[in-house]
Amino acid sequence: MNLFFEFHREALDPQIRENVRKTLPMLDEMKDAELREKVIDAWALSLQLNGWTAIEEMPGSGMPEASAIGDQSMHIKVVMYNALSIYRNLKKAYERDFGLDEDILMACAALHDVGKPYEYNRTERPKWVADDKEYGMPNLRHPSYGVFICGVCELPAPVLNVAGYHSPEGRFIKRSAYGEIVHYADDGSWFSLARLCDLNIPKL
Ligand SMILES: [Fe+2]
């Protein structure tokens, strides 16, 4: 909490929060219960502000122009599985602790695409398409909107870095270690699927 603004969890639709909790049961592995609730807040807020009630309602693609497979919840889950397994496998194989916090890594993976409800917004997006002179196209990509959501929900700074730079935007900065792992967890899933299922996944 800070003096300038305060997030009101009670203003979120409890059904949407519950839907997020059911969609992402892996969050129960997190030891930090307050961080887990903030992850759920962030997804619920982004969905609620953009006319969605569950992550499953969004198509399973990396961006609206790309091929879809399954629904968006499957993508978020695979990036969570991949990110944690990359880190745990490194620890196992190299027999050392690389110093990351697995709760933070889980939050980063769970929220890397939390801005997608805006990029996929069914009423806003047609306005951007119709008048890109006014809005830009898209008005915001999901990394920018994800930073907004994570900031409002008072997620820690490493989560903001991953929301904002897991994507090609990350070529302009030096990503955190969390961001680098989530980037490869994300791209690894998309480009493997592209080859397995003959999908069109643009390489940005
Ligand atoms: Fe992603």
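The values are calculated or read from the model by the stated rules, or taken from the named source; none is laboratory data. Bear in mind the structure is a predicted one, so any value in this text is a computation, not a measurement. Here the Cβ is made from the backbone with ideal geometry for all residues, glycine too, and neighbour counts use every protein chain on show. All accessible areas refer to the heavy atoms of the entire protein, side chains included, with ligands and DNA or RNA removed. Shrake-Rupley method; radii C 1.70, N 1.55, O 1.52, S 1.80 Å.
Show me 108-118, 80-90 ranked by packing, highest mean number of other Cβ atoms within 10 Å first. Numbers along the way, then the final one.
Working: 108-118: 27.8, 80-90: 17.2.
Ranked by mean Cβ neighbours within 10 Å, highest first: 108-118, 80-90.
Which one of ILE40, VAL79, SER144 has its Cα pushed farthest toward the positive end of the charge dipole of the range 9-197, where Lys and Arg give +1 and Asp and Glu give -1 at the Cβ?
Farthest towards the positive end: VAL79.
Sticking with the crude label model, points 7 Å out along Cα→Cβ, report the distance from GLU65 to TYR184 in nm, one decimal please.
The two pseudo-label positions are separated by 2.8 nm.
Rounded, prolate or oblate, given the Cα gyration tensor of the range 1-98, with a/c below 1.5 counting as rounded? Don't jump to the answer; show the numbers that get you there.
On the way: a/c = 2.24, a/b = 1.23, b/c = 1.82.
Because a/c hits 1.5 or more and a/b fails to exceed b/c, the range 1-98 counts as oblate.
In Å², what does the accessible area per residue of the chain work out to with a 1.4 Å probe? Could you put the intermediate results ahead of the total?
Working: 10390 Å² over 204 residues.
In whole numbers, the chain has 51 Å² accessible per residue.
Between the DSSP loop rule and a limit of at most 14 other Cβ atoms within 10 Å, which GluC sites (Glu not before Pro) in the range 1-86 are left?
Working: sites: GLU6, GLU10, GLU18, GLU29, GLU34, GLU37, GLU56, GLU57, GLU65; in loops: GLU6, GLU65.
Answer in residue order: GLU6, GLU65.
Putting +1 on Lys and Arg Cβ atoms and -1 on Asp and Glu Cβ atoms, find which of LEU100, ILE173, PHE4 reaches farthest to the positive end of the dipole of the chain.
Positive-end residue among those listed: ILE173.
With +1 assigned to the C-beta of every Lys and Arg and -1 to the C-beta of every Asp and Glu, and no other charges, what is the dipole magnitude of the range 83-204 about the Cα centre in debye, to the nearest 20?
On the way: 15 positive and 17 negative charges, 59 e Å.
Approximately 280 debye in magnitude.
Carbon and sulfur together cover what percent of the accessible area of the chain at a 1.4 Å probe radius? Show your work: numbers first, answer last.
Values: 5780 of 10390 Å².
Taking all protein chains in place, the chain shows 56 percent carbon and sulfur surface.
What percentages make up the Cα-Cα pair-distance distribution of the range 9-197 when the bins are 5 Å wide from 0?
Whole-percent P(r) values from 0 Å outward: 1, 8, 16, 21, 21, 16, 9, 4, 1, 1, 0.
Using 7 Å Cα-to-Cβ label points, what is the TYR81/ASP198 separation (nm, one decimal)?
My value for the distance between the label points is 2.4 nm.
Which sequence of LYS127, LYS174 reflects their accessible areas, 1.4 Å probe, from the largest down?
Values: LYS127 90, LYS174 185 Å².
Ranked list, largest accessible area first: LYS174, LYS127.
With each label point set 7 Å from Cα along the Cα-Cβ vector, what nm distance links ALA157 and MET137?
3.8 nm
Between the range 72-100 and the range 106-170, what is the separation of their alpha carbon centroids in Å?
23 Å
With +1 assigned to the C-beta of every Lys and Arg and -1 to the C-beta of every Asp and Glu, and no other charges, what is the dipole magnitude of the chain about the Cα centre in debye, to the nearest 20?
In total the dipole reaches around 500 debye.
Restricting the calculation to Cα positions, tell me the Rg (one decimal) and the Dmax (whole number) of the range 106-201 in Å.
Reported Rg and Dmax, both Å: 14.4, 39.
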